[in-house]
Every structure is written in C-alpha cells, then in structure tokens.
Amino acid sequence: MSLDGLDERFGRAKIAMRYRLRAASDQLFAIAAIVAFAQVLSVTAQAPPGKQTEEEATSKRLHGKGWWPTATYAKREAFVGTEACRACHSDKVFQQQRTSMAKAAWKAAETAVLQSNSSISHSIPPFQTEIAKDREGNTYTVKRGGEEMTGRILWSMGNDTMGQTFVLRSNGNLFESELSYFASIRGLDLTPGHSKPSPENLEQAFGERQSAEDAQKCFACHTTASSVRGQFDPERAIPGITCEACHGPGALHVKAMQDKQIEEGRNAIVDPGSFDPVKLVDFCGACHRAPLDVAAMKAYVPINIRFQPYRLSKSRCWSKPDRRISCIACHNPHDEVVRDITYYDSKCLACHAERLTPTSPREQGSAAPGTLPSCKVSTSHCVSCHMPKYVVPQMHGSFTDHDIRIVHAGDPLPL
Ligand code: HEC
Ligand code: HEC
Ligand code: HEC
Ligand code: HEC
Ligand code: HEC
Ligand code: HEC
Ligand code: HEC
C-alpha cells in the first residue's frame, strides 16, 4: 500500500485500549480521539544551536554525498547480500533476519499464505476476487458477471504478521492489488488507501496501476537493490530490508576487512551511528517518511500516525534534537520492537527527572538521571499515557503516536 494513500486509512482513528494499567491511566484510555482535518502544515526546519544538520526531504538527501536508503544508483556487483556479513557480524545477522523489516517483502513463491492455501477468495459485490495456484505460481483474478481480469502475483509486500499487499502483473503492467491479506482476519480485505467508493470497472477492482516511478519507490522501501544504476530491476531485488539497504552496498567493505584494511573498510560502509540526531531521524525517514517528506506531500491530510519521524518531530521532546530522542534511542534497528512498555521508561528518564518515591528503584544501566521536568502523575509506564496507540480499522492493527505529549480526555489529535 502506498503510504501516500494514508489519509483515508486514518479517517477513523481511535485510541486503543491496548494496555491495561491501573488507576489514573484507565481514565485516560477511555478517550475517543476526534479526528480533525487541517489545511496547512508547517514544519520548522530550523536547526538548534550546535552542529546539527538541518532537516532535509528524502529527495534532497538522495542527491547528497554518500549512501542514503532507497538510493538507486549503485551497481549490482556492489551488493554482496546479508550472508556475506555473517562471517564477521554473526550476531547482528541472526537478530536482524528475524525482524519485520527483514520480512517487508516476499517473492510470491515464498509467501507463506500463498503456499499454504490452494485458493483464497473474497467478494465485494458485484466483484469476486480469487487467488489461486497453477503450475507457474499464483494468479489473482477479479470477476464480474461474465467478464474477468487476471494477473500473476509477483511479490507480496509487508510482513506476514499484519498486512500483505500483492504486486501483480497483467498485460505487461504492474498493479498494487485492490485486496490485501490480513493475518488478524485470516483473509482478504480492501488494501488500505484504496478505500475509494466502489470500483467502477474490472481494472479498478483488480488494483491500482503503478507508474514506473511508483513501482520503483515501492520496491526501494520494501526490498534491497531493486534498482541498479538508476534502472528499476525488480526481478533481481533482494527481498526485505537487509543490511545493505541501510548501510549501503558492502562489497568494498567486505574486501577491505578481509584484507585487514580496517580504516579503508570503515570508510567503505555507512555507519548511521555517526550521524547527528536530525540526520539520523531523516535516515529512518527515507522509508518511514522524514518530517519534510510529509510536509511536501501534496494530498496531505494530517492523520499520519504512521509516519513516526514526522510525528516525533512535532513533539516538544524534539525541541532540542538530541541523540537520546532519536529513533535508535528507543529502537535497535537490528532487533524486534520491544513490546514491554516499561523498557521505554529509562529512555524518557534519560532526559526527564525521575520523581523519586521509595518504590521507584532506578533501572540498572540507565543513563545519568535527567534534569527536565518530571511527571507528577506517574513514575513508570510513561509511553502508555504519553505515546498512545491508535487503532486504524482499515489496517486491522494499531499504531503508536510518536508525538510525545500530554493527552487529555477528549483532545483532538494534534495535526
Ligand atoms: C571480514 C570481516 C567483515 C565482513 C565480512 C563484514 N564486516 Fe563489517 N566490519 C568489520 C570490522 C573489522 C569492522 C570494524 C569494527 C570496529 O572497528 O570495531 C566492521 C565495521 C562495520 C560497520 C561499522 C562501520 C564503522 O564506521 O565503524 C558496519 C556498519 C558494518 N561493518 C557493516 C557490515 C555489513 C553490512 C557487512 C556485509 C555486507 C559487513 N559489515 C561485512 C568486519 C567485517
Ligand atoms: C529501506 C527502508 C527502511 C529504512 C531505511 C528503515 N525502515 Fe523501518 N521499516 C521499513 C518497512 C518497509 C517496515 C515494515 C515492515 C513490515 O511490517 O512489513 C519497517 C518497520 C519498522 C519497524 C516496525 C517493526 C514492527 O515489528 O512493527 C520499526 C521499529 C522500524 N522499522 C524502525 C526503523 C528505524 C529505527 C530505522 C532507522 C534506523 C528504520 N526503521 C529504517 C522500512 C525501512
Ligand atoms: C516511502 C517508502 C515506502 C513506499 C514507497 C511504500 N512503502 Fe509500504 N511501508 C513502508 C513503511 C516504512 C512501512 C511500515 C510502517 C509502520 O509499520 O509504521 C510500510 C508498511 C507496508 C505494509 C504493511 C505491513 C504491515 O506490517 O502491516 C504493506 C502491506 C505495504 N507497506 C505495502 C506497500 C506496497 C505494496 C507499496 C508500493 C505499491 C508500498 N508499500 C510503498 C514504506 C513504504
Ligand atoms: C534499518 C536500518 C538498518 C539495517 C537493516 C541494519 N542496520 Fe546496522 N546499523 C543501523 C544503525 C542506525 C546503526 C547505528 C546504531 C548505533 O549507533 O546505535 C547501525 C550500526 C551497525 C554496526 C556498527 C555498530 C555496532 O552496533 O556494532 C554494524 C557492525 C552493523 N550495523 C551491521 C549490520 C548488519 C550486519 C546488518 C544486517 C544483518 C545491519 N547492520 C542491518 C541501521 C541498520
Ligand atoms: C532528549 C531528551 C528527551 C527525552 C528522551 C524525552 N523528552 Fe520529553 N521533553 C523534552 C523536552 C526538551 C521537553 C520540553 C520541555 C520544556 O519545554 O519545558 C519535553 C517535554 C515533555 C512533555 C511535556 C509536553 C507538553 O506538551 O507540555 C512530556 C509529557 C514529555 N516530555 C514526556 C516524555 C516521555 C513520556 C518520554 C519518553 C517516551 C520523553 N518525554 C522523552 C526532552 C526529552
Ligand atoms: C522515546 C522512545 C521512542 C522513540 C524516540 C521512537 N520510538 Fe518508535 N516506538 C516507541 C514505542 C513505545 C513503540 C510501541 C511499542 C509497542 O508496540 O508497544 C514504538 C513503535 C514503533 C513502530 C511500530 C509501529 C507502531 O506504530 O507501533 C515503528 C515502525 C517505530 N516505532 C518507528 C520509529 C521511528 C522511525 C523512530 C524515529 C523517528 C522512532 N520509532 C522513535 C518508542 C519510540
Ligand atoms: C497514567 C498516565 C501517565 C503516566 C503513566 C505518565 N504520565 Fe506524565 N503526565 C501525565 C499527565 C496527565 C500529565 C499532565 C499533568 C498536569 O498537567 O498536571 C503528565 C505530565 C508529564 C510531564 C510534563 C511535566 C511538566 O511539569 O511540564 C512530563 C515531562 C511527563 N509527564 C513525563 C512522564 C514520564 C517521563 C513518565 C514515566 C516515568 C510519565 N510521564 C508517566 C500522565 C502520565
């Protein structure tokens, strides 16, 4: 699903009662978010004093010096694949391969749900959609009365625990399937962002035709090395976000390290850990949508909880960008998201003072205590109140608002 289509997806966002906390927090969760629509968006691009870089849109970053995720210029031979990293970084390879980022795309023949079902069907009258198997693979067919349109499933985008959208080929064109498979309902439903009034013809009920540029971007965010020297070449794409999607092509690094040329090896690979926080958030934003990418989106409707870099940048915690509030302060890009919310307490308390009570032992190994204002309401489970989750019905799932803030009952979603 193209993230540009997110407007409709968030049209009916609601705060999820996902965490069962005690006392005060329960009240906060009984909030129904009111959806508001704003016309104008302004994102301040000012860099605070210090050596921060300025925020930049991905389109601009891609023309900067050095590798940037979703760049298309590298040669195919420059990519060596994740297996080539294992010899020296086995722990990272082991961890990273289990993440949903690593599973962001599958070839049709390797997609579990397509393998395990001989057919999957769904009907949105007057259209009937059926996914079936034949000797060459999987077909996707839409019928109405006596007419039908059919195509091959080439890829499925999205990990298999939430939603998977199919990339189809029919008559030489690429399409994003009108229906996606959702694990939570074990079946097909409308692809988020496609929730237009009922399709008027077979092609619309089949999917959204992809321009060369759309398809290239879709693969750039979900696979590795899908474009070579600027040419879109999905046949040879490496499924999922692999090491080289973030760190850039690794051939020179591997060669140098094998030859014990450590300095040369380091210079031949990108270490985003060396970036300042603004650049780091833009880095993840190459795919998750950098603040200025969201600002530049034309059909902008501001219900975009799913664009974490943008949401975070609106938060007052980001008013002085700092490493302690960059994406990697809370997420190890090589590992799964931590679902235990107490894990995040120490991240907040790296900046905010702890309100000490006899029962609030400091977490082991946490950074020096913060000095910013402390919370009068609670000493733990910070994110449960300040980073609420919103259920997005069309996504059959929920998202965490990264605009860290005080949420009052009845508050509209900040835009
Ligand atoms: C032959 C061994 C070897 C292989 C293979 C290898 N690396 Fe490395 N890598 C190293 C060494 C050694 C370092 C430097 C570690 C240090 O300085 O502590 C390093 C450092 C890195 C760094 C940090 C760079 C920096 O500036 O500190 C990254 C990122 C990295 N490797 C990624 C990769 C990726 C991605 C692959 C696979 C494409 C890979 N490596 C394959 C040996 C290897
Ligand atoms: C090349 C594109 C790309 C880049 C760069 C990227 N991501 Fe992702 N990320 C994705 C995609 C695509 C998904 C969705 C995977 C899925 O569920 O299908 C994702 C999912 C995630 C998830 C959710 C995992 C889950 O279990 O729900 C986290 C957390 C995440 N990314 C963090 C980061 C961070 C932090 C960075 C920067 C260091 C980053 N990403 C950079 C493409 C990217
Ligand atoms: C600018 C980068 C970008 C483009 C372009 C893009 N995606 Fe994504 N997509 C993402 C990221 C990042 C996520 C994860 C969002 C999250 O979980 O917060 C995602 C999530 C998804 C998911 C949901 C996965 C899940 O776990 O629920 C599906 C399905 C998907 N994309 C399909 C597509 C398809 C199909 C296309 C192209 C036709 C496409 N996307 C284009 C970046 C992109
Ligand atoms: C989603 C983007 C992303 C992917 C995918 C990714 N990395 Fe990283 N990697 C990062 C970021 C960001 C840092 C900086 C982390 C920090 O400084 O805390 C990093 C740091 C590193 C480092 C140096 C610092 C350290 O922690 O040792 C190595 C080595 C490395 N990555 C190897 C790999 C390998 C090998 C893979 C594939 C198995 C991989 N990375 C996949 C984003 C990514
Ligand atoms: C890098 C340091 C840093 C981190 C980490 C951080 N914050 Fe903040 N936070 C700030 C700053 C700076 C402000 C603005 C303070 C001011 O203006 O007085 C702020 C303000 C706030 C506010 C008040 C917002 C408002 O609109 O009045 C809340 C609530 C908050 N933070 C909660 C959190 C929570 C919860 C976490 C962890 C998920 C967190 N912060 C992590 C720096 C940080
Ligand atoms: C202060 C801590 C913090 C920071 C900073 C942070 N995140 Fe998160 N993130 C969280 C929490 C908490 C969750 C929800 C974990 C759970 O499922 O309980 C989350 C969830 C996610 C998810 C999963 C989808 C969702 O909405 O639940 C993605 C993707 C993600 N973060 C990406 C990012 C990116 C990209 C950045 C940098 C712009 C970032 N995060 C910065 C705390 C943080
Ligand atoms: C039960 C919900 C809840 C939890 C859990 C919670 N907070 Fe709060 N927090 C609030 C509310 C409500 C306010 C606003 C209080 C007010 O305005 O009097 C607040 C205010 C704040 C402020 C603004 C303080 C100021 O004076 O400007 C900060 C900072 C903050 N919280 C950080 C945190 C941190 C850090 C944690 C975790 C250690 C945390 N909160 C846990 C509900 C919560």
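Computed from the coordinates by the stated procedures, all read-outs in this text should not be read as laboratory data. What you see is a predicted model, and the numbers here were worked out from it, not measured in a lab. For neighbour counting, all protein chains shown are included, and Cβ atoms are generated from backbone atoms with ideal geometry for every residue, glycine included.
General remarks:
- Extension gain, ALA78 to ASP91, is 2.4 nm, computed as 0.36 nm per intervening residue step minus the present C-alpha separation.
- With a Förster radius of 45 Å applied to the C-beta separation of ASP259 and GLU54, the computed FRET efficiency comes to 0.75.
- Pairs exceeding a 25 Å alpha-carbon distance, out of LYS217/LYS255; LYS92/LYS255; LYS347/LYS389; LYS60/LYS320; LYS107/LYS133; LYS107/LYS260: LYS217/LYS255; LYS107/LYS260.
- Stretching the chain fully between SER118 and GLU336 yields a gain of 75.4 nm (0.36 nm per residue, less the alpha carbon separation).
- Looking at segment 105-209, the pairs of alpha carbons with a distance over 21 Å make up 25% of the total.
- Annotation for SER374 and GLN128: the two label points, set 7 Å from Cα along the Cα-Cβ direction, are 6.7 nm apart.
- Spacing of the two label points (7 Å from each Cα toward its C-beta) at GLN231 and GLU200, in nm: 3.8
- Label-point separation in nm, ALA409 to ASN267, each point 7 Å along Cα→Cβ: 6.3
- Binning all Cα-Cα separations of segment 52-93 at 5 Å, short to long from zero, yields these whole-percent fractions: 5, 18, 18, 15, 17, 14, 12, 1.
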